[in-house]
Amino acid sequence: MKYGAGLVVALIVLGLPSFASASSLRIQCKKLSADDVVCRFLFTDGQVARDMPVQLVDEDSDKVLVSGRTDAQGMYGFKPPTLEYNVVVKANEGHVASMSSEDIW
């Protein structure tokens, strides 16, 4: 019985590094002009977030203002709304990332 419990603990400990090395989703946005913003969505392991749903969400009311999808390069371009908003991407494997319009330069 002690051997079985020790084996279970060893398997759990060996599995922990895989959780630490799991990738997360990142957003990089840039204002090209006052009327154009482009964002790129990447996983921290370097994989491009292709064909992922993107939403612009009103920061105050949480109302979805615009919906779209990333392209084959993980890019999404848009004309920014006049009010403050968040760029939100919901990727596969449960990854979600967001960026406030205040953080876009």
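Structural remarks
- The number of residues in the range 29-46 that are loosely packed, with under 13 Cβ neighbours inside 10 Å and either among the β-branched types (Val, Ile, Thr) or free of Cβ contacts under 8 Å to residues at least 60 places away in the same chain (or both) comes to 8.
- Answer residue from the range 74-105, given it is part of a loop (DSSP other than H, G, I, E, B) and free of Cβ contacts under 8 Å to residues at least 60 places away in the same chain and is nearest to the chain's Cα centre (by Cα) among those: Gly74
- A residue that is modelled with pLDDT under 95, β-branched (Val, Ile, Thr) and outside any strand (DSSP E or B) cannot be found anywhere in the range 52-73.
The values are calculated or read from the model by the stated rules, or taken from the named source; none is laboratory data. Everything numeric in this text was worked out from a predicted model, so none of it was measured. FYI the Cβ positions are ideal-geometry reconstructions off the backbone, even for glycines, and counts take in every protein chain you see.
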